[in-house]
Every structure is written in C-alpha cells, then in structure tokens.
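Chemist: Right, I'll just put the structure down here and ask away after.
The values are calculated or read from the model by the stated rules, or taken from the named source; none is laboratory data. Every value quoted in this text rests on a predicted model; they were computed, and no experiment measured them. Glycine gets a Cβ as well: all are built from the backbone with ideal geometry, and neighbour counts include every protein chain shown. Protein only, heavy atoms only, side chains kept; ligands, DNA and RNA dropped before computing areas. Shrake-Rupley method; radii C 1.70, N 1.55, O 1.52, S 1.80 Å.
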Amino acid sequence: MKNIILNNELSVPQIGLGTYDLKADSIKAAMDIGYRLIDTAWQYGNETEVGKAVKESGVGRENVFITTKLWTDDIRSGKIREAFEKSLKNLQTDYLDLYLIHWPAKGFEKAWEVMTELYSERKIRAIGVSNFNQHHFEELSKISDIVPVLNQIESHPCFQNKDVIGYCRKNNIAVQAWCPLGGSFSHLVDNDIFKPIAAKHKKTPAQIILRWHLQREVMIIPRSSKKERLKTNIDLFDFNLDNNDMDIINKLDTGYRMGSDPDNFNF
Ligand SMILES: NC(=O)c1ccc[n+]([C@@H]2O[C@H](COP(=O)([O-])OP(=O)(O)OC[C@H]3O[C@@H](n4cnc5c(N)ncnc54)[C@H](OP(=O)(O)O)[C@@H]3O)[C@@H](O)[C@H]2O)c1
C-alpha cells in the first residue's frame, strides 16, 4: 500500500474503504483484507457500525485512519462541537484522524474555525473539506491560515473534475475521489472501453479505473459489500497503465455528474 503525505505531514493510505450503506460485517471483512483507511460520515448513519468493526477487528485503533464528516444541518445551526462529540461517541473513539466539512453549506467558515480549535486541542489529527470548488477555498482563506489537508470530491472517468484537482495540486491539498468507480448506478465498469486494457494487464475493468486514479495521484475510497471485490480493489500495485491507456481513459470525461453540484445544492 502506498501512503500519501498530507500538508500537515500526516501519512495516510492512498486507498481506503468507502462505507456508504455498509454494515460492520463488510467493514470488518475489509479490515481483515488490509484496508486501514475507513471513510464514513454522520449522514450515512453507520458511524456506530464503523466503531463496532474497528473494535472487533483487533487491528487496534491506532492502526486505523478514520474519516468522518460534519453534516450540513450542523454547519447551518453552528452546533459543531456537539456534532463532533456525537460522531466520537458513535465511533467509540476519543479522537478522529480526519474530520471533513461534508458540503460547503451556509456557515462553513464558522464551522472551519471550530474545527481548527478541535485540531489545536489534538482531538482531530487532520481537518479537511469535501465538495469544495476553488471559490470555497478562497472564502475559507479569508478567515483562516490553516489550509485543508484534503478535498474529497466526485471524480471518475466520466466526471474527472480536472479544474478542482488542478487547484488543489497547486495549493498542496490532497484529492480523494468519491464515486471512484462511478457509483452504484452508472455501470461504468461494464463499459466496453475498459475490456481490452483489462485483458492486456490481466486485471479487471474496476482495477483499471482504480489504477488510473492512483497514477493521477488521486486517493480513492471504493466501496464494495463483496469480499472478492474488496480484495481486487486494493490489489493495484503490481502493474502500470501506459500513456496510451491513460489517454484513452482521460478522453472519457463528459462532465456529467453522478452526485450533486456543490454550487447548485439545496443548502
Ligand atoms: N463526500 C461526499 O459527498 C461523498 C459522496 C458519495 C460517496 N462518498 C464516499 O465515497 C465512497 C465511494 O463512493 P460510492 O460508494 O458512491 O461509489 P463507488 O465506490 O464508485 O462504487 C460503488 C459501487 O460499485 C460496485 N463495485 C465495487 N467494486 C466493484 C468491482 N470491483 N467491480 C464491479 N463493481 C464494483 C459496488 O457494488 P457491490 O457493493 O455490490 O460490490 C457499488 O455498487 C462512498 O461509499 C462514501 O464513503 C462521499
């Protein structure tokens, strides 16, 4: 597993487990396979399942990197500490590895201030954001010198999000792709375009897509409820896509999102 060094010097796995809709059994199975970064959110309603899986895995809390996210209702109401404490309790832990602003909802600047306090108090090892565009970062920089360590955004071959990735790179903000396989409804992995590349490398189409992310230096959090897929989704380090493979995938960008647009969302 390759690690990425965040802008606060924290070292984190480039691949993690997306847990949307997953229960403790699947999360524990992933940890048995070797996943050490777990991505959840208060809004997924499964922080307690993550806490249970981490406890039962026997891996040790200190060996797991847990990300959770502050939901928009809490940002709007300004109840940041309360939301943070609720997540800690759900996760059965006394610190978070990474806390993200889930969406740039009205009041996110105030939320960031409180998150920076929690960071100074060493209750969170790193703070970041999700679904931020360039102007959200610019608004944040007016009130705080602390640059988010990471931006978790929608990114997959059909919606690559190159402008936001370019901005993050320039500003030393790591990028983590949600929906890296195109999510549950796109059937992106079944697209014929990946088949010859997969055959050439003796890998699955999903592995080709995930490897493409890694070669763009993008972190990934693919989600699966199936053991075999959990195994192959993390087995990405014994082959390389060549420039031609990368070009074929780079050309698939249609600009069509699977999820919400951060600039046009009901906050
Ligand atoms: N920050 C945000 O706003 C935000 C938004 C959305 C998601 N997320 C996070 O990002 C994570 C990943 O995104 P996602 O769950 O939407 O989508 P995803 O990981 O791109 O795709 C998940 C879908 O792909 C299938 N799949 C997984 N591995 C596969 C393989 N090897 N071959 C074929 N199909 C495969 C899964 O089905 P099976 O379970 O049947 O394998 C599931 O239907 C989420 O779980 C969540 O943690 C964050």
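Chemist: At R0 = 41 Å, how high is the FRET efficiency between V147 and I33 if r is their beta carbon distance? Nearest 0.05 is fine.
Modeler: 0.80
Chemist: Cα atoms only: what Rg and Dmax, in Å, come out for the stretch 1-68?
Modeler: 11.6, 33
Chemist: Find how much the distance from A199 to K162 grows on full extension, using 0.36 nm per residue of separation minus their present alpha carbon separation; answer in nm with one decimal.
Modeler: The A199-K162 span can extend by a further 10.6 nm.
Chemist: Based on the Cβ-Cβ distance from S120 to K55, what FRET efficiency comes out when R0 is 22 Å, to the nearest 0.05? Mind showing how you got there, number by number?
Modeler: Working: r = 28 Å, r/R0 = 1.27.
The pair S120/K55 has a calculated efficiency of 0.20.
Chemist: Can I ask one more? Hey, what did the chain get for relative contact order, percent, Cα under 8 Å, at least 6 apart?
Modeler: Over the chain, the number comes to 18 percent.
Chemist: While we're looking at this one, here's another question. Where does the Debye-calculated log10 I(q)/I(0) of the stretch 66-111 sit at q = 0.24 Å⁻¹, using only Cα point scatterers of equal weight, no solvent?
Modeler: Debye output, listed in q order: -0.80.
Chemist: Using only protein heavy atoms and a 1.4 Å probe, report how much of M258 is accessible, in Å² to the nearest 10.
Modeler: Roughly 80 Å² of M258 is accessible to a 1.4 Å probe.
Chemist: When the chain is fully extended, how far beyond the present Cα-Cα distance does N243 get from M1, taking 0.36 nm per residue of separation? Provide the component values of the computation, followed by the final result.
Modeler: Working: separation 242, 0.36 × 242 = 87.12 nm, distance 2.26 nm.
Length difference between fully extended and current span is 84.9 nm.
Chemist: For the stretch 190-212 and the stretch 102-167, what is the centre-to-centre distance using only Cα atoms, to the nearest Å?
Modeler: 32 Å
Chemist: Efficiency by 1/(1 + (r/R0)^6): what FRET value for N266 and R169, r their Cβ-Cβ distance, R0 = 22 Å, to the nearest 0.05?
Modeler: That pair, N266 with R169, gives E of 0.15.
Chemist: Still on this structure: Put D163, D32, D74 in order of accessible area, largest first, 1.4 Å probe: what do you get? Mind showing how you got there, number by number?
Modeler: Working: D163 135, D32 105, D74 20 Å².
Sorted by accessible area, descending: D163, D32, D74.
Chemist: Also, quick follow-up: I'd like the carbon and sulfur percentage of the solvent accessible area for the stretch 101-223, probe radius 1.4 Å, heavy atoms only, ligands and nucleic acids excluded. Please report the intermediate quantities before stating the final value.
Modeler: On the way: 2700 of 5170 Å².
Heavy-atom surface of the stretch 101-223 belonging to carbon and sulfur, 1.4 Å probe: 52 percent.
Chemist: For labels at S225 and K251 in the simple 7 Å Cα→Cβ model, what's the distance in nm?
Modeler: 3.7 nm
Chemist: Of all beta bridges DSSP finds with both residues in the chain, what is the antiparallel percent, to the nearest 5?
Modeler: If I count the DSSP bridges inside the chain, around 15 percent turn out antiparallel.
Chemist: Hey, any idea what Rg/Rh is for the stretch 180-264, computing Rh the Kirkwood way over Cα pairs?
Modeler: Here the Rg-to-Rh quotient is 0.95.
Chemist: Can you give the extra length, in nm with one decimal, that the chain gains between K23 and N63 once fully stretched, where that is 0.36 nm per residue apart less the Cα-Cα distance?
Modeler: 12.4 nm
Chemist: For K195, which lysines qualify as cross-link partners when the Cα separation must be under 18 Å and same-chain residues fewer than eight apart are set aside?
Modeler: K203, K251
Chemist: Let me ask something else. Just to make sure I understand: if all protein chains stay in place, what is the order of I5, I80 by accessible area at 1.4 Å, largest first? Please list the in-between numbers first.
Modeler: Values: I5 100, I80 5 Å².
Ranked from most to least accessible, the order is I5, I80.
Chemist: Restricting things to Cα coordinates, could you compute the convex hull volume per residue of the stretch 1-121 in Å³? Walk me through the intermediate numbers first.
Modeler: Numbers: hull volume 12.1 nm³, N = 121.
Dividing the Cα hull volume of the stretch 1-121 by its residue count gives 100 Å³.
Chemist: Using the heavy atoms of the protein chains and a 1.4 angstrom probe, tell me the accessible area per residue for the stretch 165-231 in square angstrom.
Modeler: I get 49 Å² per residue for the stretch 165-231.
Chemist: Using the Kirkwood formula on the Cα atoms of the chain, what hydrodynamic radius do you get, in angstrom to one decimal? Mind showing how you got there, number by number?
Modeler: Numbers: mean 1/r = 0.0532 Å⁻¹.
Mean inverse Cα-Cα distance, inverted, gives 18.8 Å.
Chemist: Which lysines have a Cα less than 18 Å from the Cα of K23, not counting those fewer than 8 places away in the same chain?
Modeler: Here the lysines satisfying the reach criterion relative to K23 are K52, K55, K69, K89, K226, K227, K231.
Chemist: Thinking of the stretch 143-224 as a set of Cα atoms, what percent of all their pairs are more than 22 Å apart?
Modeler: So the portion of pairs separated by more than 22 Å is 30 percent.
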